[in-house]
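**Q** Got a structure for you, questions after.
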Amino acid sequence: MKQAPSAPIPAEETSHGLRTGADRLRHVLLFELVALSIVIPCGSTLFGLHESAMGVIGIGSAITATTWNFFYNLLFDHIMLRWRATTHKTTLTRVVHTIGFEAGLQVILLPAIAAYCGLSILASLPLTLSLAGFYLVYAFLFNLAYDHLFPLPLSTPELCKA
């Protein structure tokens, strides 16, 4: 007996799965490389730092952010799956995601940058807040573009699988 072709599964019956490890690695590397190509020359000009000093700050921040990015995104996605049964991020979710990421990163980076520059935490605040402002906008735009270029994998509910 010939089976009838299966009808497409409505969007509301699909869920977005987790990104693979390779996809997360691609995301992190692209994110940091593009950001560094902007941050080092611009930060050097804006704050009167030698490019090598801004490079140390940029690369040190990138290594820290890369590590934080991996763990933060993994945790965020698992929380989303548990609370919402999807990892698809709406615009509002992406805003919350980005602000949470940057806030956590500031807690880590502010004392390190202050120590490297030989400044008080208060004196280094304009640099770290400028970096945070840049990364807030950059992360939002980068992640929207990344999600468009590399969409989340779709998985179907068990009932709909043949």
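The values are calculated or read from the model by the stated rules, or taken from the named source; none is laboratory data. Everything quoted here is computed from the prediction, not taken from an experiment. Glycine also receives a Cβ, built like all others from the backbone with ideal geometry; neighbour counts cover every protein chain displayed. In case anyone asks, the SASA skips ligands and DNA or RNA and just uses the protein heavy atoms, side chains included. Shrake-Rupley method; radii C 1.70, N 1.55, O 1.52, S 1.80 Å.
**Q** Mind jotting down the distance between the C-alpha centroids of the range 61-102 and the range 134-151, whole Å?
**A** Here the two parts' Cα centres lie 12 Å apart.
**Q** If you count only protein heavy atoms with a 1.4 Å probe, what accessible area per residue comes out for the range 80-147, rounded to a whole Å²?
**A** Ligands and nucleic acids excluded, the figure is 53 Å² per residue.
**Q** Tell me, what ³J(HN,Hα) does each residue in the range 100-106 have, in order and in whole Hz, if you take phi through Karplus 6.51 cos²θ - 1.76 cosθ + 1.60 with θ = phi - 60° and put x for Gly and Pro?
**A** The phi angles translate into x, 4, 5, 4, x, 5, 4 Hz.
**Q** Peptides 109-119, 84-94: what's the order by average Cβ count within 10 Å, highest mean first?
**A** Values: 109-119: 15.7, 84-94: 14.2.
The packing order, highest mean first, is 109-119, 84-94.
**Q** While we're on this one: If you average 1/r across every pair of different Cα atoms in the range 16-159 and take the reciprocal, what Kirkwood value do you get, in Å?
**A** Radius from the Kirkwood sum: 16.2 Å.
**Q** Round to a whole number: what % of the accessible area of the range 47-108 belongs to carbon and sulfur, probe 1.4 Å?
**A** On the way: 2580 of 3450 Å².
Of all accessible area on the range 47-108, carbon and sulfur atoms account for 75 percent.
**Q** Grab the Cα-Cα distance for L149 and R26, subtract it from 0.36 nm times how many residues apart they are, and report the gain in nm with one decimal.
**A** Taking 0.36 nm per residue and subtracting the Cα distance, the gain is 43.1 nm.
**Q** HN-Hα J couplings of the range 117-133 from phi, Karplus 6.51/-1.76/1.60, θ = phi - 60°, integer Hz, Gly and Pro as x?
**A** 7, x, 10, 6, 4, 5, 5, 8, 4, x, 5, 5, 5, 5, 4, 4, x
**Q** Can you give me the distance in nm between label points at T67 and L18, each placed 7 Å from the Cα along the Cα-to-Cβ direction?
**A** Spacing of the two 7 Å Cα→Cβ label points: 2.2 nm.
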